[in-house]
1. If the cut-off is a Cα-Cα distance under 17 Å, which lysines reach Lys318, setting aside same-chain residues fewer than 8 apart in sequence?
2. What spacing in nm lies between the two simple spin-label points modelled at Glu109 and Val321, each 7 Å away from Cα in the Cβ direction?
3. Out of every Cα-Cα pair in region 216-319, what percent are more than 18 Å apart?
4. If I take all pairs of Cα atoms in the chain, what percentage of them are more than 26 Å from each other?
5. Rounded to the nearest angstrom and ordered from largest down, what semi-axes does the equivalent ellipsoid of region 287-329 get from its C-alpha gyration tensor (root of 5λ)?
6. At 7 Å along the Cα-to-beta-carbon direction for both Asn297 and Ile243, put a label point, then send me their distance in nm to one decimal.
7. Before I look further, what does the chain give for accessible area per residue, probe 1.4 Å, in whole square angstrom?
8. By how many nm would the segment from Lys80 to Val61 lengthen if fully extended, with 0.36 nm per residue of separation less the alpha-carbon distance?
Amino acid sequence: MKQYSVEQLFEGVKACDKRILGKAITLVESKKPEHRALAEELLKLVLPLSGNSIRVGITGVPGAGKSTFIESFGKLAISKGKKVAVLAIDPSSSIHKGSILGDKTRMEELAKDENAFIRPSPSSGFLGGVANTTFETMLICEAAGYDYILIETVGVGQSEVLVADISDIFLFLKIIGGGDELQGIKRGIMEMVDVIFINKVDEDNLQKAKNTKLELQRALQFLPEKEKKWKVPVLLGSALNKIGLEDVFDKISDFISLKKSSGRFTEVRRLQAEKRFEYWVKEYILNASKSNEELENQYNERKKNASELMANPSSEAKIFVESFLNKKI
C-alpha cells in the first residue's frame, strides 16, 4: 500500500480526492503514537480550511430509518448544489473493533454520487457510539469542501449527548408506534433536539402521525428553551418516498441563520472545541502515564483497587493523578 506524506495527504484533501481523503481519515483514526504525530501535522494544515459546513447530528430509535433519511436528504442537498459528507458511526465488534453494519451498502445511491462522501467508522468501544476522532474527521471533510456533514449515531447510551457536542443542529427521527407515543423517549433527548421528523408517514397512519405530532408539541412546551426564539418544529414525512424533506432542509437553514444572527453559532462551536481539548488532555495524560513503567504499574494497581472496590474509585484516581503530577517523565 502506498504511503503518503502529510503534504500529499493535505493536497489530496484540498482537491477532494476521495481516495486520499479516506487515507487521511484513516491516519487520524489511528491510535499508534507515530500516526498520531503525523495526524496532528495534518490537522494543523487543514484547520484554516475547516469550519464552513453545517454539521447535522442525526439520531433516532432503531428502525426509525436513519440511513434512508440520510440518503434521501443527502441527495436533496446535492440537488441544491451542495456537497455532502456522511460520517456513519457503526457499532463495533467487541472483539475485533471493526465496523459491522456497512453503511455504504445501505446508502448505495448516495455513495455513487460524486458530490457525496460516506465514511463508515467503527465506534471501537468509545462511549456512546461516536468514534473518538469524529470531530477531527469532520474537520478534514470540511477542508475538502463538503457543505453538509451528516453524523449518524448508533443511537445507544450517551450517543445523543456526544453527537450534540459536535454538531450545529440536532435532528431526532421518530416513527409511529403503539400506545403512548412519548413512552421511551428520554427527557434528555427532548431537551437537546432542534428539529423532530416523524418518518415513515403514509395514508394509513397519517392520523396517528398527526396525533403524535400534537403530543410531542405539548411535551416540548414544558421543556426549557434551548435556543431563544426557536420553537422546535415537529415535521411529518417519509424519507423513502421523499416527502417532507424540503421542510427539514428549510428548517435547518432557518435554525442556522438564527444561531448566526444571535452569535450563538460561533459561541457553541467554541465550547465544542474546548470539550475536544479536555478530551485530548485526558487521553494524552493516560498515554503518558503508560509510557513510564513505574506510573503504569501504579495506574494498574489503582485501577485494580477501584475495580475490586477495595477502595473508592475517585480516591484511587486522585492518588494516581497526584503521583503523575509529581513524577518527572
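The values are calculated or read from the model by the stated rules, or taken from the named source; none is laboratory data. Just so we're clear, the structure is a prediction, and the values are computed from it rather than from any experiment. Backbone-built Cβ (ideal geometry, glycine too); neighbour counts: all protein chains shown. Calculation scope for accessible area: heavy atoms of the full protein, side chains included, ligands and nucleic acids excluded. Shrake-Rupley method; radii C 1.70, N 1.55, O 1.52, S 1.80 Å.
1. Lys282, Lys290, Lys303, Lys304, Lys327
2. That separation, rounded to one decimal, is 5.1 nm.
3. Values: 3823 of 5356 pairs.
Of all Cα-Cα distances in region 216-319, 71 percent exceed 18 Å.
4. Numbers: 28538 of 53956 pairs.
Of the Cα pairs, 53 percent sit more than 26 Å apart.
5. Details: eigenvalues 70, 24, 8 Å².
They are 19, 11, 6 Å, listed from largest to smallest.
6. Label at Asn297, label at Ile243, 6.9 nm between them.
7. Details: 17150 Å² over 329 residues.
The answer is 52 Å² per residue.
8. Working: separation 19, 0.36 × 19 = 6.84 nm, distance 2.87 nm.
Length difference between fully extended and current span is 4.0 nm.
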